[in-house]
Structures are given as structure tokens and as C-alpha cells.
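The values are calculated or read from the model by the stated rules, or taken from the named source; none is laboratory data. Every value quoted in this text rests on a predicted model; they were computed, and no experiment measured them. FYI the Cβ positions are ideal-geometry reconstructions off the backbone, even for glycines, and counts take in every protein chain you see.
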Amino acid sequence: MLAAMHRLFSCLIAAAALCSASACAYPRHTTPLNTASDLKLPSEQVPGGMYTFQLISATAPETKISGLPWDDDGSGPDLFVRLYVNERMVYESPVIENSTKPQWNRVLPHNVIIPRDSEFRIELWDYDTAVSADPIGRMEHRGLPPTAIPGALARLQLDSATMLVISVNPPRPHRGVGLTVEVRPDLLKVLKVEPFSPAARAGIRSGDQIVGIGTERVKDLDEGAKMSELSLAAGRKAKLSVLDSQGKNERDAQLDGDIVWLVM
């Protein structure tokens, strides 16, 4: 009897482990995002202090301040850039090796928020190893520097006779809902909300449970239909029926359109 119970218990443990690892795990999906570069929006619909940020190039002295070469073998510095807003590093560029005049010509993958009263800091570094680097120059400003005018090149004079060239432009919009969800039989559990999205503007939060999309109840749809209806909901300006993270207090969340602003 005890041996049989032991075998049964072992089987239950194995089944639970298998269930948690694969078969019983709920699928997760992110609603699609599509670029909307051709979209012309009035200025009042564009979030203030948000920009497309492009790192173009840098110029550093031919030697260190001491007059010594950058590296022991006489080669140039291995330069990269760090961008900070309110002490948070929002971007670190690739390293360009052995050059005092590196060219990145790189647009940051998402928009950057730089409010007027924020602490803007940009730094130029010389890469040494995976765990060490030497600072070369930096610039700090309250908000964007005055030379950073949208649509124009801005030459930022750093300390130590170094210079960076950047460009800022209006932010890039996308179309979508802005949600990552876990698909369950009777609901969609919200795992992530893009901060500047129809979902966020409708007050949807991580942990919420979507039980209705427009006139459809989630429990009546198969997995593909659930995600299809959710992905189309913003373009339709649909209402989502949402429970809180405890599965209580159903409310309507009205989507205001399909504009998503992705940010670093």
C-alpha cells in the first residue's frame, strides 16, 4: 500500500513539473506594432519633451591630456557614448575602435524623453576592457542644450577638448495597442503595458484581466480570435472590459485610437 502511494505521489510530482514547464503554461503574446512614419499629427497630440535622437559623430584629441598616446601600442582611442536623463542611462553606443573621429550615424531604436527641467548628460568614454573604461568628456544641461534644435545638427562641446555631434527630431509614432498578455481560456492577463499607448491612456495596468473586447467576451473566442480582436481594438477605438488583478471590479477601458510612442 505504501509503495503504491509513493508511486502515485511521484507521478503527481512529475506531472506537475511537466505541466509547469510546458503543457499547462499559458501562451504569451504581444500585440503587433507598425511604424506610422507617414502620419501627420497636430502638435498637441505629440508628447512634449519626446524626440527621435541620432548620435552622429565625435572628435577627440590625438593624444591624452598628458600627451601620452591613447593606447600602449600607439593606436587611437576606442570611443563610445553614454546618454543619461535624470541620472538614468538611457543609451550606450557601440564602441568604434582606434579612432579620434568616430562616425556612428545611429538613430536610437526608440524615442527619448528629455523634459525641459530634466538633467541631461552625455559622456564620451574610451573603452579598455569589458569591465573598465576611461571618461574623456561630458556635458550637462537642464533639458536639451540650446543648440539641439529639431531638424538641425547640434555640436556639443564637452570638456577635455572633445566634441559630439547629435541631431534631434520629432518622435516616431507607431500604430498598435501596446499590450503583452497571457492568453487564458476566459481572459487575457496583462503582463506589460507600453507607457505611451492606447492601453496606458485607458488606464490598463499590469496584472489587470481583460474579459471583454468590444461586444465580444474573451471566454467565447479561441486563442487566435482573442489576439486578433485585441490587436484590432485600438484602431476601432473599442472598449475593453477589464477586471483588476484580483479578478474583481469590472470596468470599461476606452481606447482612444492606435498611436503608440515607444520610448527608451
- Message: Restricting to the stretch 194-222, count the residues that are part of a loop (DSSP other than H, G, I, E, B) and within 26 Å of Met264 (Cα to Cα).
- Response: 11
- Considering only strands (runs of 3 or more DSSP E) wholly within the stretch 72-134, the ones with at least 2 residues that are farther than 24 Å from Leu153 by Cβ and modelled with pLDDT under 95 are 119-129
- Take the residues of the stretch 74-109 that are closer than 13 Å to Asp128 by Cβ and acidic (Asp, Glu): which is surrounded by the most Cβ atoms within 10 Å (Cβ to Cβ)? Asp78
- Message: Quick test of your reading of the structure: Val112 fulfils all but one of (1) assigned by TED's automatic domain parsing to the domain that holds Asp72; (2) over 17 Å from the mean Cα position of the chain (by Cα). Name the failing condition by number.
- Response: (2)
- Name every residue in the stretch 191-213 that is among the small types (Gly, Ala, Ser) and closer than 30 Å to Met50 by Cβ, in order of residue number. Ser197, Ala199, Ala200, Ala202, Gly203, Ser206, Gly207
- Message: Which residue is farthest from Ile210 (Cα to Cα), if the candidates are limited to the stretch 135-178 and must be among the hydroxyl-bearing types (Ser, Thr, Tyr) and assigned to a loop (DSSP other than H, G, I, E, B)?
- Response: Ser160
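Conditions tested, residue by residue: (1) in contact with a Ser or Thr (Cβ under 6 Å, 6 or more places away or on another chain); (2) modelled with pLDDT of 95 or more; (3) on the phi > 0 side of the Ramachandran plot.
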site	(1), (2), (3)
Arg155	no, yes, no
Arg172	yes, no, no
Thr180	yes, yes, no
Arg184	no, yes, no
Pro198	no, yes, no
Lys219	no, yes, no
- Query: Of the residues Gly143, Gly151, Gly176, which single one is buried (at least 20 other Cβ atoms within 10 Å of the Cβ) and touching a residue at least 12 places away in the same chain (Cβ under 8 Å)?
  - Reply: Gly176
